[in-house]
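Take a look at the structure set out below.
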Amino acid sequence: MLTQQAVILCGGRGTRLRPLTDTVPKPLVTVAGKPFLEHLLLQLHANGYLEIVLLTGYLGHLIEETIGDGSKFGLKVVYQQGPEEWETAERLRHAKELLEDHFLLLYGDNYCNFQHSRLEKAFLQHGKLACLSVFARSARANIAFTPEGQIHSYDPSRTFPGLNGVEIGYALFSKEIFRYFTEANESFSKVLVRLGAARELAAFVQKHVYYSVSELERLQIVDAYLTPKKILLVDRDGTINRKAPKAQYITQWSDFEVIPETLEGLKRFAASGWSFIIISNQAGVARGMLTEQQVWDIDTKLVELLARNQISVLKSYYCFHHWDENCQCRKPEPGMLIQASQDFLLPLETTWYIGDDARDCTAAWRAGCRAAFIGPASEVESLPASEQPEWVFETLNDFANLILSQS
């Protein structure tokens, strides 16, 4: 890793969260049963970070009392406490001596699916002083970036033409950015404006929706998102049912054969309160070998069969595109997994996707999802190390043995 140090800005007053922030600082507002800041710390630890610098201000003593030295999270946490009136750039400037040559910067009120390795790769490829995580959107945008990830405008006023994204934190910086600081007590956004004008900003385009505790109505959404869920993402052909011969497709229910070990595993999961989402490529539609209606007819029969076994399927996602269409939903692209995450407020970092094809593992990695593979280990050995599944099993029932034993 280029750095194992992260900095979190958590000194603001949080006026839009009143009355909650009348007595607690915004990063300590309760989300899914714990202070929001704890979710960020656990996420950073899972990504290999070891040291966290908390830039505190308003009610900062409560943050230090709650988080302590970070050892309970497997981290070292240090503090830079400043006056409440300090702006974000001023807080960061006063912490300069605590910082390594490179560091990750987060805002204390945003949360998003995060993979350090992908952000670091983008940072190194672009060769800029900063790589910002950017969510593409036109409404209330403050970034103008190219498809290649070049940022040519940063506009905190959100008025410039051509803005097509919003910066969400989770940004990787070189310490050289301090050349663009002034002695003024100012917002960090002004530093980003200067970096943008100097063409020293790059974008890592984040496809996941980001969540924020900055307002009361948004807080409820974050709470729902981060609340643990028993939902398993499952591939269809080859995982739930036996595959058709190579280059052929299941076109009718009479040819659909559920794998007994899969059914047993799904039943055991369901008995422990789990539900399921099916995610499957069906390029046979684009190839003219079956229709969308045939796929949905089979899906209806499958969902009914599983329901008779007390197995609940929340939704099925199918990609009907040809592999030459370059869509974002056909695995190994992550589109269907990310859509499921948005539809069900499902944090993929703690969610499993299980399939029988190497493309399932790649799709899971690109979506920031955990992956388990059903089949011979030799079929995934050629994948890059980052895309390797966490576990390889002979059957889905074997996977159930592991997960249910940990419950």
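I need the full set of residues from the range 67-87 which are of a type in the set (Ser, Thr, Tyr) and closer than 20 Å to THR3 by Cβ, in order please.
TYR79
Condition first: touching a Gly at 6+ places or on another chain (Cβ under 7 Å) and small (Gly, Ala, Ser). Can you find one or more residues in the range 102-109 that meet it?
Checked against the condition, which is being touching a Gly at 6+ places or on another chain (Cβ under 7 Å) and small (Gly, Ala, Ser), the range 102-109 yields no hits at all.
Looking at the range 346-375, which of the residues that are hydrophobic (A, V, I, L, M, F, W, C) and part of a helix (DSSP H, G or I) is farthest from SER275 (Cα to Cα)?
This residue is ALA358.
Looking for whichever is part of a loop (DSSP other than H, G, I, E, B) and either in contact with a His (Cβ under 9 Å, 6 or more places away or on another chain) or of a type outside the set (Lys, Arg) (or both) here; the options are SER405, SER386, SER378, SER382. Which one fits?
SER382
Can you find a residue in the range 283-303 that is among the hydroxyl-bearing types (Ser, Thr, Tyr) and closer than 21 Å to ASN241 by Cβ?
Within the range 283-303, one or more residues are among the hydroxyl-bearing types (Ser, Thr, Tyr) and closer than 21 Å to ASN241 by Cβ.
Of all residues in the range 46-78, count the ones that are among the charged types (D, E, K, R) and over 26 Å from the mean Cα position of the chain (by Cα).
Result for the range 46-78: 3.
For the range 269-293, what are the residues that are farther than 18 Å from ARG330 by Cβ and surrounded by 17 or more Cβ atoms within 10 Å (Cβ to Cβ)?
Within the range 269-293, PHE269, ALA270, TRP274, PHE276 qualify.
Can you tell me which residue is surrounded by the fewest Cβ atoms within 10 Å (Cβ to Cβ) among those in the range 122-161 that are over 26 Å from THR3 (Cβ atoms) and among the basic types (Lys, Arg)?
If we take residues in the range 122-161 being over 26 Å from THR3 (Cβ atoms) and among the basic types (Lys, Arg), then ARG140 is surrounded by the fewest Cβ atoms within 10 Å (Cβ to Cβ).
I'd like the full set of residues that are part of a strand (DSSP E or B) and hydrophobic (A, V, I, L, M, F, W, C), limited to the range 66-81.
Scanning the range 66-81 gives VAL77, VAL78.
Give the residues of the range 275-310 that are outside any helix (DSSP H, G or I), within 31 Å of the chain's Cα centre (by Cα) and either under 25 Å from ALA400 (Cα atoms) or of a type in the set (D, E, K, R) (or both), sorted by residue number.
Hits for the range 275-310 are SER275, PHE276, ILE277, ILE278, ILE279, SER280, ASN281, GLN310.
Give the number of residues within the range 332-345 that are in contact (Cβ under 8 Å) with a residue 60 or more places away in the chain and either not small (Gly, Ala, Ser) or not in a helix (DSSP H, G or I) (or both).
Result for the range 332-345: 6.
Each value in this text was obtained by applying a stated rule to the coordinates, not by laboratory testing. Predicted, not measured: the structure shown is a model, and the values here were computed from it. Here the Cβ is made from the backbone with ideal geometry for all residues, glycine too, and neighbour counts use every protein chain on show.
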